[in-house]
1. For Gly147, are the conditions met, namely being over 13 Å from Pro233 (Cα atoms) and either assigned to a strand (DSSP E or B) or of a type in the set (Phe, Trp, Tyr) (or both)?
2. Could you figure out which of (1) touching a Gly at 6+ places or on another chain (Cβ under 9 Å); (2) surrounded by fewer than 24 Cβ atoms within 10 Å (Cβ to Cβ); (3) not β-branched (Val, Ile, Thr) isn't true of Tyr72?
3. Could you tell me whether Asp190 is out of contact with any Cys (no Cβ under 8 Å at 6 or more places or on another chain) and over 15 Å from Pro220 (Cα atoms)?
4. Would you check if there is a residue in segment 42-54 being hydrophobic (A, V, I, L, M, F, W, C), outside any helix (DSSP H, G or I) and either within 22 Å of His242 (Cβ to Cβ) or in contact with a His (Cβ under 7 Å, 6 or more places away or on another chain) (or both)?
5. For segment 87-107, check the following and say yes or no: at least one residue is surrounded by fewer than 21 Cβ atoms within 10 Å (Cβ to Cβ), in a loop (DSSP other than H, G, I, E, B) and not acidic (Asp, Glu).
6. Looking only at residues in segment 9-45 that are in contact (Cβ under 8 Å) with a residue 24 or more places away in the chain and basic (Lys, Arg), which one is farthest from Glu111 (Cα to Cα)?
7. Which one is nearest to the chain's Cα centre (by Cα) among residues in segment 55-74 that are of a type in the set (Ser, Thr, Tyr), assigned to a strand (DSSP E or B) and under 10 Å from Arg100 (Cβ atoms)?
8. Within segment 14-23, can one find any residue that is modelled with pLDDT of 95 or more and out of contact with any strand residue (DSSP E or B) (no Cβ under 7 Å at 6 or more places or on another chain)?
Amino acid sequence: MVSAEAQRFAEMLRQAPRMAEMPLEAQRAAGEHAEDLSAEPAGVRYDTVADEGVSGVWAQVTGAEPTSTVLYLFGGGHVITSPASRHKFAGHLAHALDARVLLLDYPLAPEHPYPKDVDAAVRAARWLLDQQGVPAERLVLVGESSGGGLVLETLLAAARAGLPRPAAAYLMSPWADLRCSAPSFAARSDVDLECSDQSLTRMAGQYLDGHDPADPAASPVLAAPDEVARAWPPLLVQVGSHEVLLDDALAVARLAALADVPVTLDVWSQMQHFFQLGVGVYPEAAAALARAGSWLEQQW
């Protein structure tokens with residue numbers, strides 16, 4: 001049963017304007033307040049990164065000896081949000097995954113359309129492996145929403161570039177099919193309080209800038225199973241049942257299974273898009289992150 005706190009949060013969303021349907025500049029301004037209600041993670045140190053074309057923020061629990069390194073790709077439809085709007089969440093990831101987290105600052109569309117963000121993410125992965133000495137078997141990619149799709153794009157591109165496969169990937173509400181035509185776009189339109197086919201189709205157009213949304217390099221659920229088998233590590237996919245992107249998550253899990261990639265799919269009843277952000281607002285958010293931490297421990 002969904003918590004009373006989550007029900008109250010959903011009612012608040014129901015009464016608020018949908019950020020995804022605002023003009024781009026208003027979206028970007030609102031997106032910077034995404035964490036306003038989230039709890040502050042305790043004892044997290046943040047350090048700015050600017051080295052060899054890689055920019056972002058390190059988040060690490062003070063005094064901890066992390067067991068892994070996370071490359072975290074934030075979401076926002078490929079066109080909004082920034083590391084500043086994910087500081088708290090990066091700290092919560094550091095706690096939950098027992099990790100040092102690199103919150104990557106990558107370029108956004110429409111100013112920097114596809115594949116600029118993929119190039120930046122592959123560059124960051126190479127930097128972690130080659131310059132920071134992170135073993136591939138201790139590297140984890142994490143992303144939410146469009147960032148989840150970007151994780152999958154990055155894994156495919158990194159494999160094509162000859163980079164070793166990382167240990168694992170954790171995806172929250174991944175947007176991985178930019179055609180925006182899956183049945184859940186209609187079936188969940190009445191209960192998804194954040195996303196819609198119209199808003200995501202517009203964002204996809206801004207991101208792709210004329211590129212074909214059916215290209216598997218941009219819509220990774222369309223990739224061939226043999227390429228996925230070479231590129232994707234074990235996956236944890238979490239999604240709310242009240243999301244238009246429900247079918248994207250199911251399609252990611254299905255493709256991973258067809259490629260014999262170990263995959264765990266968690267569908268959280270009545271939860272909204274990227275519900276994990278609400279740590280301190282409703283208990284399901286922290287529970288989902290704890291579940292991810294337990295899952296990652298099993299990968300070592």
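The values are calculated or read from the model by the stated rules, or taken from the named source; none is laboratory data. Remember, it's a predicted structure, so these values are computed and weren't measured experimentally. Here the Cβ is made from the backbone with ideal geometry for all residues, glycine too, and neighbour counts use every protein chain on show.
1. So Gly147 fails the test.
2. (2)
3. Yes.
4. Scanning segment 42-54, I find no residue that is hydrophobic (A, V, I, L, M, F, W, C), outside any helix (DSSP H, G or I) and either within 22 Å of His242 (Cβ to Cβ) or in contact with a His (Cβ under 7 Å, 6 or more places away or on another chain) (or both), so the answer is no.
5. Yes, that holds for at least one residue.
6. Among them, the one singled out is Arg14.
7. Filtering segment 55-74 for residues that are of a type in the set (Ser, Thr, Tyr), assigned to a strand (DSSP E or B) and under 10 Å from Arg100 (Cβ atoms), the one nearest to the chain's Cα centre (by Cα) comes out as Thr69.
8. No, there is no match, as no residue in segment 14-23 is modelled with pLDDT of 95 or more and out of contact with any strand residue (DSSP E or B) (no Cβ under 7 Å at 6 or more places or on another chain).
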